[in-house]
Amino acid sequence: MSQEAVPRVDVACVVVAYRSGDILPGFLDSIELASPGIPVLIVNNDVADDEPARIAQARPTVRAITSASNLGYGGGANLGVAESVPSDWIIIANPDVTVDVDAIVQLLAAARRFPDAGILGPRILNPDGTVYPSARALPTLRTGLGHALFANVSPSNPWTTRYHAFDELSTVDPSAVGWLSGAFLFARRELFEKLGGFDERFLMYFEDTDLGRRVGLAGMSNLYVPAAMIVHEGGHSTRTRHAQMTITHHRSAYRYVAGRHPEWYVAPIRWGLRLALFVRARWEVFRGRVS
């Protein structure tokens, strides 16, 4: 059946997987409870792993495709959106997420209430029940440099506080923010496609920050919806490649922040940021953690 012959639905879902066979069933169970019958497309970024295809075969509303190579999160999501069932809204998610039973209802209600919302994001809980700061301000060059230098030694420093800017948000009402965590995005499909999806130059990390920036430039908002909740385990596909992913994280941070400020007169600040991120990445690899 051609994609043109597939009926359009309100919401479809793309989940980007990488060696995620052990956690995919939990994600699929939760999203089916939250939105019965929702069409889900698994994008498998590991050509050697046939577990996603096996899982999809047992579920009538789930389909799996395998990329020719590891496209990263943004590239995998772009492929999934292009290949998924036509829809007004598209969920883009990590597989290590458990969706609250009314999360999608809450997001859809907020989307209809706020027609200028291009992307909406839920409240994200850590497994221990604490709230992850998933809705943030866009980082500037100065904020990025201060955060890189002082986040580990003084987490309450003004640059990190400004970057996170999360405690000031309402815990009840939706709030417009600079960007939303890519762990779970509820995106207006027409806008996502118009913007060209994620920038695939970001293999991992900061592809969501960059998308949020472009949503704002398009005159739409990134809307944090605290009434919708998910639980995010975090780090599932990266924990076995700690050093590589730590370095990738910091390279993506530099690409994003420096790329927004190409002016010649801020070159010294870009150099300082690059050095600070290089040192911070190596220190975190040495200490065995990413913060």
If a residue has to be open to solvent by 10 Å² or more (accessible area, probe 1.4 Å) and either in contact with a strand residue (DSSP E or B) (Cβ under 9 Å, 6 or more places away or on another chain) or assigned to a strand (DSSP E or B) (or both) to count, how many in the stretch 1-15 make the cut? 4
Please tell me if residue 37 is touching a Phe, Trp or Tyr at 6+ places or on another chain (Cβ under 6 Å) and farther than 24 Å from residue 127 by Cβ. no
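Could you identify the single residue in 167, 208 that is within 25 Å of residue 110 (Cα to Cα), at pLDDT below 95 and either open to solvent by less than 40 Å² (accessible area, probe 1.4 Å) or assigned to a helix (DSSP H, G or I) (or both)? Spell out how you get there, then give the answer.
Working: 167 fails: either open to solvent by less than 40 Å² (accessible area, probe 1.4 Å) or assigned to a helix (DSSP H, G or I) (or both).
Among 167, 208, only 208 is within 25 Å of residue 110 (Cα to Cα), at pLDDT below 95 and either open to solvent by less than 40 Å² (accessible area, probe 1.4 Å) or assigned to a helix (DSSP H, G or I) (or both).
Can you confirm whether residue 142 is of a type in the set (D, E, K, R), at pLDDT below 95 and open to solvent by 10 Å² or more (accessible area, probe 1.4 Å)? Step through it out loud before you land on a result.
On the way: of a type in the set (D, E, K, R): yes; at pLDDT below 95: yes; open to solvent by 10 Å² or more (accessible area, probe 1.4 Å): yes.
Yes: the conditions hold for residue 142.
Suppose we keep only residues that are among the aliphatic types (A, V, I, L, M) and open to solvent by 60 Å² or more (accessible area, probe 1.4 Å) within the stretch 32-50. Which one would you say is modelled with the highest pLDDT? Spell out the reasoning first.
Taking the stretch 32-50 as the starting set, the residues that turn out to be among the aliphatic types (A, V, I, L, M) are 33-34, 38, 40-43, 47-48.
Of the ones still in play, those that are also open to solvent by 60 Å² or more (accessible area, probe 1.4 Å) are 33, 47-48.
On the way: 33: 97, 47: 91, 48: 90.
Going through the qualifying residues, I end up with 33.
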Return the residues of the stretch 94-112 that are surrounded by fewer than 23 Cβ atoms within 10 Å (Cβ to Cβ) and part of a strand (DSSP E or B); say none if nothing qualifies. 98
Inspect all residues belonging to the stretch 219-235 and state whether any of them is at pLDDT below 65 and touching a helix residue (DSSP H, G or I) at 6+ places or on another chain (Cβ under 9 Å). yes
Selected residue [modelled with pLDDT of 95 or more, under 29 Å from residue 169 (Cβ atoms) and in contact with a His (Cβ under 7 Å, 6 or more places away or on another chain)] from 119, 91, 104, 124: 124
Any chance the stretch 51-67 includes a residue that's open to solvent by 70 Å² or more (accessible area, probe 1.4 Å), touching a residue at least 24 places away in the same chain (Cβ under 8 Å), under 26 Å from residue 111 (Cβ atoms) and assigned to a strand (DSSP E or B)? yes
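Does residue 199 qualify as being in a helix (DSSP H, G or I) and of a type outside the set (Val, Ile, Thr)? Before the answer, list the steps.
Details: in a helix (DSSP H, G or I): no; of a type outside the set (Val, Ile, Thr): yes.
No: the conditions fail for residue 199.
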Which of the residues spanning the stretch 174-226 are over 16 Å from residue 115 (Cβ atoms) and polar (S, T, N, Q)? 175, 181, 209
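The values are calculated or read from the model by the stated rules, or taken from the named source; none is laboratory data. Quick caveat, the model's predicted, so the values are computed rather than measured. We place every Cβ from the backbone using ideal geometry, glycine too, and count neighbours over all the protein chains shown. Each accessible area value is taken on the protein alone, full model and side chains, heavy atoms only, with ligands, DNA and RNA left out. Shrake-Rupley method; radii C 1.70, N 1.55, O 1.52, S 1.80 Å.
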